[in-house]
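Trainee: So that we are looking at the same thing, I have put the structure below in structure tokens.
The values are calculated or read from the model by the stated rules, or taken from the named source; none is laboratory data. Computed from a predicted model, the values in this text were never measured in an experiment. Every residue, glycine as well, gets a Cβ built from its backbone with ideal geometry; the counts of neighbours run over all protein chains shown. Side chains are part of the model used for accessible areas, which takes the heavy atoms of the whole protein and leaves out ligands, DNA and RNA. Shrake-Rupley method; radii C 1.70, N 1.55, O 1.52, S 1.80 Å.
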Amino acid sequence: MSSRKKVALLPRGTVSDEAVRYMFRGQDVEFVYCKMIADVFQSTANGHTDWSVIPIENTIDGSVNLHIDWLVHEVDLPIRAEWVFPSIQNLIGDASELSSDGNPAHWEADKIKKVMSHPVAMAQCLQFVRSRLPHAELETLNSTAEAVRTVKSNPGKGWAAFGTKLAAADMELDVLEEGVTDHDNNFTRFLLVGNAPYENATATTYKTSILVTLPEDYPGALHQVLSAFAWRRINLSKIESRPTKKKLGSYYFYIDVELALDTVLMPAAIAEIEAIGCQVRLLGSYPSLPYEQT
Ligand SMILES: O=C(O)C(=O)C[C@]1(C(=O)O)C=C[C@@H](O)C=C1
């Protein structure tokens with residue numbers, strides 16, 4: 001039987017696709033493209049694929065809450081790795097329709113009636129929309145690639161999309177304007193999740209992600225949780241509260257710890273948190289891979 005791993009991800013031509021090509025460069029893995037993020041998770045949860053690739057956080061738009069909630073509430077798939085990748089959005093359309101002379105650089109704002117993209121990609125380009133396309137209608141779809149494909153299949157309507165150059169080339173559309181996100185250095189953090197272990201011999205940094213639910217009516221409980229890490233001088237790289245979905249005003253804390261679970265201090269810190277009545281759920285302990293320009 002082949003040991004070739006299968007990776008589920010958003011469609012070809014998405015930022016996720018670019019990020020997965022980067023992550024698995026030079027490796028023999030099979031990409032299984034899925035229409036939307038729920039399908040990505042399901043494919044791994046059902047055992048059709050070994051791993052799912054989930055965009056989890058973005059420099060401009062912050063956490064992708066929908067994806068965090070899926071990871072926490074809908075599936076039980078451990079995190080195996082994380083990495084960051086630049087999220088570069090481009091304005092894409094048909095220059096023969098959106099400019100008077102067919103030159104992509106001469107696109108005209110009043111010819112663009114509607115711009116489509118993924119909601120997170122759209123959120124990264126809102127200043128561009130306000131200043132350059134103030135009259136365009138906005139529509140969000142399941143992925144940036146789906147937005148580019150929708151433009152392609154609706155010629156003559158004055159539609160454009162924010163998406164990748166890969167999607168523009170696939171759909172034989174024009175890049176009207178490159179790099180339209182509101183800030184440079186726009187990165188997205190991706191998680192690899194699934195039941196199959198993932199090895200990376202080059203990793204030097206590890207993280208552990210946990211979910212902590214505080215005991216009810218315990219003043220200072222969060223302070224005690226944080227101090228269990230603080231006095232051991234363990235660094236946290238993220239802490240975020242999300243609704244438990246069970247009761248209004250009830251939250252859990254999603255905490256990223258900058259240490260592997262098998263590091264001496266970690267089990268003691270977690271035991272201390274449990275001792276004050278908190279519930280701790282481990283989401284994974286995994287390598288954190290830096291972005292290196294290729
Ligand atoms: O639609 C895409 O291109 C995706 O890969 C999805 C997604 C996201 O969900 O955050 C991934 C990275 C970008 O920051 C924008 C959108």
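Trainee: Find the accessible area per residue for the chain; the probe is 1.4 Å, ligands and nucleic acids are left out, and the unit is Å².
Mentor: 49 Å²
Trainee: Compute the projected area of the convex hull of the Cα atoms of the range 82-153, averaged over all viewing directions, and report it in nm² to one decimal place.
Mentor: For the range 82-153, averaging the hull's shadow over all directions gives 5.4 nm².
Trainee: A further question on this structure: What distance in nm separates the simple spin-label points at residue 75 and residue 28, each placed 7 Å from Cα in the Cβ direction?
Mentor: If labels sit at residue 75 and residue 28, their model points lie 2.5 nm apart.
Trainee: Below 15 angstrom from the Cβ of residue 209, what's the summed charge of the other residues (Lys, Arg +1; Asp, Glu -1)?
Mentor: Numbers: positive: 80, 189, 207, 238, 242, 281; negative: 57, 69, 76, 82, 240, 256, 258, 262.
So the surrounding residues net to -2.
Trainee: Once fully extended, how much extra length lies between residue 140 and residue 245, figured as 0.36 nm per residue of separation less the alpha-carbon to alpha-carbon distance?
Mentor: 35.3 nm
Trainee: Rounded if a/c is under 1.5, else prolate if a/b is larger than b/c, else oblate: which is the range 1-77, with a ≥ b ≥ c the root eigenvalues of its Cα gyration tensor?
Mentor: oblate
Trainee: For the range 198-209, just list the computed ³J(HN,Hα) in residue order, Karplus coefficients 6.51, -1.76 and 1.60, θ = phi - 60°, integers in Hz, with x standing in for Gly and Pro.
Mentor: 10, 10, 9, 5, 8, 5, 10, 10, 10, 9, 10, 10
Trainee: Where in the chain is the longest stretch that carries no GluC sites (Glu not before Pro) classed as loop by DSSP and with at most 14 other Cβ atoms within 10 Å?
Mentor: The answer is 1-107.
Trainee: Using Cα centres only, tell me the gap between the range 1-63 and the range 269-294 in whole Å.
Mentor: 22 Å
Trainee: In the chain, what percentage of the DSSP-assigned beta bridges are antiparallel, given to the nearest 5? Before the final figure, lay out each step's value.
Mentor: Details: 43 of 58 bridges.
Close to 75 percent.
Trainee: On to the next question. Please report, as a whole percent, how much of the solvent-accessible surface of the chain comes from carbon and sulfur atoms (probe radius 1.4 Å).
Mentor: C and S atoms contribute 50 percent here.
Trainee: Evaluate E = 1/(1 + (r/R0)^6) for residue 282 and residue 21, where r is the Cβ-Cβ distance and R0 equals 25 Å; express this FRET efficiency to the nearest 0.05.
Mentor: With R0 = 25 Å, the Cβ-Cβ based efficiency is 0.25.
Trainee: Something else: If I histogram all Cα-Cα distances within the chain using bins 5 Å wide from 0, what percent of pairs lands in each bin?
Mentor: It works out to 1, 5, 11, 15, 15, 14, 12, 10, 7, 5, 3, 2, 1, 0, 0, in whole percents.
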